[in-house]
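Step one of this worksheet: look at the structure below.
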Amino acid sequence: MATYLEFIQQNEERDGVRFSWNVWPSSRLEATRMVVPLACLLTPLKERPDLPPVQYEPVLCSRPTCKAVLNPLCQVDYRAKLWACNFCFQRNQFPPAYGGISEVNQPAELMPQFSTIEYVIQRGAQSPLIFLYVVDTCLEEDDLQALKESLQMSLSLLPPDALVGLITFGRMVQVHELSCEGISKSYVFRGTKDLTAKQIQDMLGLTKPAMPMQQARPAQPQEHPFASSRFLQPVHKIDMNLTDLLGELQRDPWPVTQGKRPLRSTGVALSIAVGLLEGTFPNTGARIMLFTGGPPTQGPGMVVGDELKIPIRSWHDIEKDNARFMKKATKHYEMLANRTAANGHCIDIYACALDQTGLLEMKCCANLTGGYMVMGDSFNTSLFKQTFQRIFTKDFNGDFRMAFGATLDVKTSRELKIAGAIGPCVSLNVKGPCVSENLGVGGTSQWKICGLDPTSTLGIYFEVVNQHNTPIPQGGRGAIQFVTHYQHSSTQRRIRVTTIARNWADVQSQLRHIEAAFDQEAAAVLMARLGVFRAESEEGPDVLRWLDRQLIRLCQKFGQYNKEDPTSFRLSDSFSLYPQFMFHLRRSPFLQVFNNSPDESSYYRHHFARQDLTQSLIMIQPILYSYSFHGPPEPVLLDSSSILADRILLMDTFFQIVIYLGETIAQWRKAGYQDMPEYENFKHLLQAPLDDAQEILQARFPMPRYINTEHGGSQARFLLSKVNPSQTHNNLYAWGQETGAPILTDDVSLQVFMDHLKKLAVSSAC
Amino acid sequence: MAELYVKPGNKERGWNDPPQFSYGLQTQAGGPRRSLLTKRVAAPQDGSPRVPASETSPGPPPMGPPPPSSKAPRSPPVGSGPASGVEPTSFPVESEAVMEDVLRPLEQALEDCRGHTRQVCDDISRRLALLQEQWAGGKLSIPVKKRMALLVQELSSHRWDAADDIHRSLMVDHVTEVSQWMVGVKRLIAEKRSLFSEEAANEEKSAATAEKNHTIPGFQQAS
C-alpha cells in the first residue's frame, strides 16, 4: 500500500511518531482481539532542522485537569476570539496577545503543518550544564593514561561556562576541590561504608551551619544559586588546573597481591557523586560520568569479591541462584538511580575491561536516568575514544545534541487511556482521567527523562476504552498530544508539543482499512520492547512462549487461509515482514542470553530500549547488503543462501559492522588483483563496502565494532550466527545443488519456523 | 584546513576496534545523515530460499581472474567520505612550520593579556615554555606544527572561532602530543577574544560619548 507507507514516513519525519495501527479500532473488545496493542514509538526531540522554535509560551486549556496545548485540531472562533479544546471541549478565551488573529492570520500553532512545534521559555534563570567525572584509578598504566587524555580532551569540547568536577576512586574515594591557586586539596572517604546524602553534604562542608548570633535575619545564601561550588567549577576558569590535576592522576596506590582483584569502591563513589550534586545543584541538567575498568569489589554495590579464583556471576550462576552479591548490589544502584532521577540528573557508565564490570547491577543507573552505557575492551581503543567524543557532537546549530531534565506529559481523547511507557524514563506518578492499567512504566500520564538526545525514543502503550457497540465518536478521529518540557543544551528551557490524530474504524466493517494501515515495523519494535521488558523479570522460555502466542494469534486474525490447510496461508503486504522480525527477535541477544555474559545482555538491552525505529529494527533483524560484479549493491535475505563465493557482504547489526569476503573474492584479493591496473574494477569492488561501512561508522552512537573477515575466517562467525540457517549440516543434501554456505547449527530455520506457524495458525484447535 | 583522515583502530587492545576518524571528518558529519543501508528483502511466502541468479563456484579454486576493467567499470555505489588511508603528512612543497613564527605571536598575545590575573598569565606562560621545549626537542609531529601555524594565523587575524576549532581538532586528533600545553593556548585565545571585545566596547562607548558632546549650539538639552 504505497500511500500508507508514504503517510507513515511523512508522519515520522514531521512528528517523530510511529504507531502500530494508523487506523484505530473503535472498541475495547476489538482492540484486544487485534493482538498487537495500540501503541507508538515517540522520539520527543526528533531533529527538525526546518522547525525554528517560536519565542513565546504555549497557550493552555484553562481546565485544571486538562491543560492541553492549543493545537491544529482545536476549533477556533476567530471573531469571538475563542478556542475549543479538542480533548476536553472546554471553551477558552485567547490571551490578549492573540487579539489580531484571523483565518488569514493564524498563529503557527494552529496550522496543520505545525503538528509538531517548539516553544522557548523566556523567563527563569538559565543554569549551566554540569559534568561530574567519577574516575576509577584501578586501571592498567596505559589504560589510565588513555583515559586521562580523553578527559583532558573533553575539557576542550565542553562549553566554557559548563561546570565540571572530579571524583576519583579505588580503595578510597577522593572528591577533588577545584581551585585556581595553591595546593590542590581533596576529601577522602573510605570505600567500605555508605553514607547518607546529608552525611556526605556535611562532610564536604556543603551545608551552612546555623548562626546563633544572627537570629533576627534569615540565613541568606551567600552566592547566587547557580554559582559554582568548590567542587564544581566553570570550565573556562578551571581548565588549566584540571588538566594538570588529571595529568597527575596515578594508579590506585594500594598494592594488589597475586590472585586478587583491586579493591574498587564504585558503590560509594557513585553515592558520593549523587549526594554532592543533590546538595549543590538539584533540578538542573547534570551528567555524572562514571569511568570504570573493572567490577566493584568493595563496599555497598560490590558485585564480586577480590579473590580472582571466584569468577563474577554468569547467567548460569544467576539461574542457579548462585550470585551472592547481585540482589544487594542491584538494590544499592537502584536506590541511587531513583534519587538521581528525582534530582533531574543522569548517570553515564563507561565500562572498559576485558572481563565483566557489573553492568547488570548498575544498569538501572543509566536506564532510569537516560544516561549512556558504553562497553569496551579498554580505554585505549578507538571504540571508547570516539564514542566518548561523540557525546559532545554538535547539531546543525552548533549546540550539543544532549538535552536534560525532560518531562513528558501525554494527553488523550476520551476514548483512549494510557497504559504505560517503555524507555529510559521514570514515572512521575501522575494519575489522571487518562491513566489505565500498568504496562511497562505505567500508572501515570507523565514521565521524567533526565538525559536525552534527538534519537531517544520511548514506546508508549495505549488502551481503547470505548465500549463495544458504542457508535464511533463524532468527527471520527481520536487524538493524542505529547508535551515535552526540557532543558536545551544552550541552557534555554523549551517545550516541544506534538499533536496527532487518527481515524477510528469499526473493525467488523472496515478490517481491510485497518489492515492496510498496520505499520509492521513499528509493531515489531513495540512488541519487542514489551518482550524485552518482560525478560527482565520473567524466565526466558516464558517470554518466548508469550511472543510465539501473540504471533500465532496475529496470523490467525489477519492471515488469509483455508482452515486446516497450511499451504493456503498468506499474509498481506502490510504484514509480510512481521513473522520474519519475530523469528529474528527470538534469536537475538535481547531474548537469548546464551553466549552472552549478563553484562553484555544488559548492554544490548539498554540500547534496544531507547533507539529509534530504524536502529531498533537493525538490532532485531540485521541489514545485509551484497556487493558483486553483477550489479549495484543490493539488500539480500539474511539467510545462509546469501553467502556466496563471488560476493562481498556487509552486515550491520547496530553493534557490529561486518564485511565478509566470499571465497573467490578472498582468493582474488590474496592474489593481488586489486593492485593491477587492468583489474581496477576489482579494486573498486573491494572499496565499495568499506566506503558504505565508513558512512555508518562515522555517525553511529555508540561506535560499533568493526569486523573485516572472509570465508573461512574465525570472525566469519559473526555473520554465520546471524543469518537464517536455511542450510545446515542436517539438510545439506536435501537441496540438491550446493548453494550458499551451510551453517553448523541445530537452530530452527525460518522455513521450519514459518511452516510451524502456518500449521498452528490454520488449525482450529488453537 | 582541518585534516580528513581515517586511521585503523587499536588492534592490540581490541581486535575488532573500529577505525579512528579525524576531527575534521567527524565534524563534517553534522546533522541527520541519510540512512543508506536500511532496506530488507521479505522472505518468500512459500518458504524456499531464493536462489540468487549469480554464478556459484562449482569446486575448489582457482577459477580464473576477476573480470578485467575493459568492461564498463562499475563506479562505487554511494558518494561517501574520502577513501581511507589519505596520508596527512605528505606536503613536500610547503616548508615546515617555523617554531619562531608560531611562538612569537603567542608570546605577544600573552603580553597583551598581562592586564589580567597574574596566576593565569603565569600558567599560560609556563605552558608556552613547554610548547617551545617540545618543539625544539623535535617531539612534535609535522601535522601538529602545521596546524599550530594555522592557529596562530587565525589568532592574529582575530578569527577566534576558527582558532578555537583548530585547537579542538588538535586536542581530538593528537591529544598525546599536545595535552600538556594546549590548554594554555586555548586560554590565550579566550583571553585575547575577551580583551578584543572589551576594547571594541570601550571604543564604541567613547565614540558614543563623543557624539553626545556634539550638541547643536544654542540648543538646550532636555534634562
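Read the figures in this text as sums done on the coordinates, not as results from a lab. None of the values given here were measured: they were computed from a predicted structure. With ideal geometry, Cβ positions are generated from the backbone for all residues, glycine too; neighbour counts draw on all protein chains shown.
Tell me which residues come under 5 Å, amide H to amide H, from residue A:708 once H is placed; ignore anything under 5 positions away on its chain.
Sorted by chain and number, the residues that satisfy this are A:659.
In percent, what relative contact order does region A:328-408 have, based on Cα pairs under 8 Å that are 6 or more apart in sequence?
Values: 97 pairs, mean separation 22.2, N = 81.
For region A:328-408, the relative contact order is 27 percent.
Is it possible to state the helix-based mean residue ellipticity at 222 nm for chain A, with each DSSP H run of 4+ residues giving -39500 (n - 2.57), the sum divided by total residues, to the nearest 500 deg cm²/dmol? What is it?
-9500 deg cm²/dmol
Once the other residues with Cβ under 14 Å from the Cβ of residue A:112 are scored (Lys, Arg +1; Asp, Glu -1), what is the net sum?
Values: positive: A:14, A:477; negative: A:15, A:103, A:109.
Taking every other residue near residue A:112 into account, the sum is -1.
Per residue of region A:43-50, what does 6.51 cos²θ - 1.76 cosθ + 1.60 with θ = phi - 60° give for ³J(HN,Hα)? Whole Hz please, x for Gly and Pro, Karplus curve as stated.
In residue order, the calculated couplings are 9, x, 10, 3, 5, 10, x, 8 Hz.
How high is the relative contact order of region A:590-748, given as a whole-number percent (alpha carbon pairs under 8 Å, six or more residues apart)?
Computed over region A:590-748, the figure is 22 percent.
What is the sum of charges around residue A:355, taking Lys and Arg as +1, Asp and Glu as -1, for the other residues whose C-beta is under 11 Å from the C-beta of residue A:355? List each step's numbers first, then the result.
Working: positive: A:261; negative: A:377, A:599.
Charge balance in the 11 Å sphere: -1.
To the nearest 0.05, how large is the calculated FRET efficiency for residue A:438 and residue A:539 if R₀ is 25 Å and r is the Cβ-Cβ distance?
Details: r = 20 Å, r/R0 = 0.80.
For residue A:438 and residue A:539, the calculated efficiency is 0.80.
If you plug each phi of region A:456-464 into the Karplus form 6.51 cos²θ - 1.76 cosθ + 1.60 with θ = phi - 60°, what whole-Hz ³J(HN,Hα) values come out, in order, with x for Gly and Pro?
Per-residue couplings from phi come out as 4, 9, 9, x, 10, 10, 10, 9, 7 Hz.
In vacuo Debye scattering of the protein assembly as shown, one point per C-alpha: log10 I(q)/I(0) at q = 0.06, 0.08 Å⁻¹?
Log-scaled intensity ratios, in q order: -0.51, -0.90.
Just subtract the alpha-carbon distance of residue B:38 and residue B:201 from 0.36 nm times their residue separation and send over the number in nm, one decimal.
Numbers: separation 163, 0.36 × 163 = 58.68 nm, distance 5.33 nm.
Value of the extension gain: 53.4 nm.
Which of the chymotrypsin sites (Phe, Trp or Tyr not before Pro) across region A:1-92 are loop residues per DSSP, with 16 or fewer other Cβ within 10 Å? Mind showing how you got there, number by number?
Details: sites: A:4, A:7, A:19, A:21, A:56, A:78, A:83, A:87, A:89; in loops: A:56, A:78, A:87, A:89.
Listed in order of number, the matching sites are A:56, A:78, A:89.
Please work out the FRET efficiency for the pair residue A:308 and residue A:331, using the Cβ-Cβ distance as r and a Förster radius of 22 Å; give the result to the nearest 0.05. Don't skip to the end; give the middle numbers.
On the way: r = 26 Å, r/R0 = 1.17.
It comes to 0.30.
What net charge is computed for the residues neighbouring residue B:160, neighbours being all others with C-beta under 15 Å from the C-beta of residue B:160, Lys and Arg scored +1, Asp and Glu -1? If you can, show how the numbers build up before the last one.
Numbers: positive: B:159, B:168, B:186, B:187, B:192, B:193; negative: B:112, B:154, B:161, B:164, B:165, B:191, B:198, B:199.
Net local charge, residue B:160 excluded: -2.
Find the centroid of the Cα atoms in region A:127-197 and in region A:30-59, then give the distance between the two in whole Å.
Value for the Cα centre distance between the two parts: 38 Å.
In region A:469-574, which GluC sites (Glu not before Pro) fall in coil by DSSP and have 16 or fewer other Cβ atoms within 10 Å? Kindly include the intermediate steps, with their values, before the conclusion.
On the way: sites: A:515, A:521, A:536, A:538, A:539, A:564; in loops: A:536, A:538, A:539, A:564.
Passing both the DSSP loop test and the Cβ count: A:536, A:538, A:539, A:564.
Would you work out if region A:8-157 is rounded, prolate or oblate? Take a ≥ b ≥ c from the square roots of the eigenvalues of the alpha-carbon gyration tensor; rounded if a/c is under 1.5, else prolate when a/b is larger than b/c, oblate otherwise. Don't jump to the answer; show the numbers that get you there.
Working: a/c = 2.85, a/b = 1.62, b/c = 1.76.
The shape class here is oblate.
Treating cross-link reach as a plain straight distance, find the lysines whose alpha-carbon is under 18 Å from the alpha-carbon of residue B:11, omitting any fewer than eight places away in the same chain.
Output for residue B:11: A:385.
How about residue A:81: which lysines have a C-alpha closer than 27 Å to its C-alpha, ignoring those fewer than 8 places off in the same chain?
A:67, A:411
With charges set only on the Cβ (+1 for Lys and Arg, -1 for Asp and Glu), what does the dipole of chain A come to about its Cα centre, in debye to the nearest 20?
Roughly 2660 debye for chain A.
Determine ³J(HN,Hα), in whole Hz, for all residues of region A:668-685 in sequence, where each value follows from phi through the Karplus function 6.51 cos²θ - 1.76 cosθ + 1.60 and θ = phi - 60°; x replaces Gly and Pro.
Once rounded to whole Hz, the list reads 4, 5, 5, 6, x, 4, 5, 8, 8, x, 6, 10, 4, 5, 5, 4, 4, 4.
For residue A:133, enumerate residues with amide H under 5 Å from its amide H, sequence gap 5+ or separate chain, H modeled in the peptide plane.
The list, which skips near neighbours in sequence, is A:165, A:166, A:167, A:289.
For a bin width of 5 Å, list the pair-distance distribution of region A:424-551 built from all Cα-Cα distances, rounded to whole %.
Per 5 Å bin, starting at zero, the Cα-Cα P(r) for region A:424-551 comes out as 2, 7, 13, 17, 19, 17, 14, 7, 3, 1, 0 percent.
Mean separation of Cα pairs under 8 Å and 6+ residues apart, divided by the residue count of region A:266-319: what relative contact order is that in percent?
Details: 32 pairs, mean separation 17.8, N = 54.
Over region A:266-319, the number comes to 33 percent.
Here is the link list: A:363/A:448; B:139/B:186; A:185/B:139; B:146/B:192. Which ones come out longer than 27 Å on Cα distance? The partial results should precede the final answer.
Working: A:363/A:448 17 Å; B:139/B:186 20 Å; A:185/B:139 32 Å; B:146/B:192 22 Å.
From A:363/A:448; B:139/B:186; A:185/B:139; B:146/B:192, over 27 Å: A:185/B:139.
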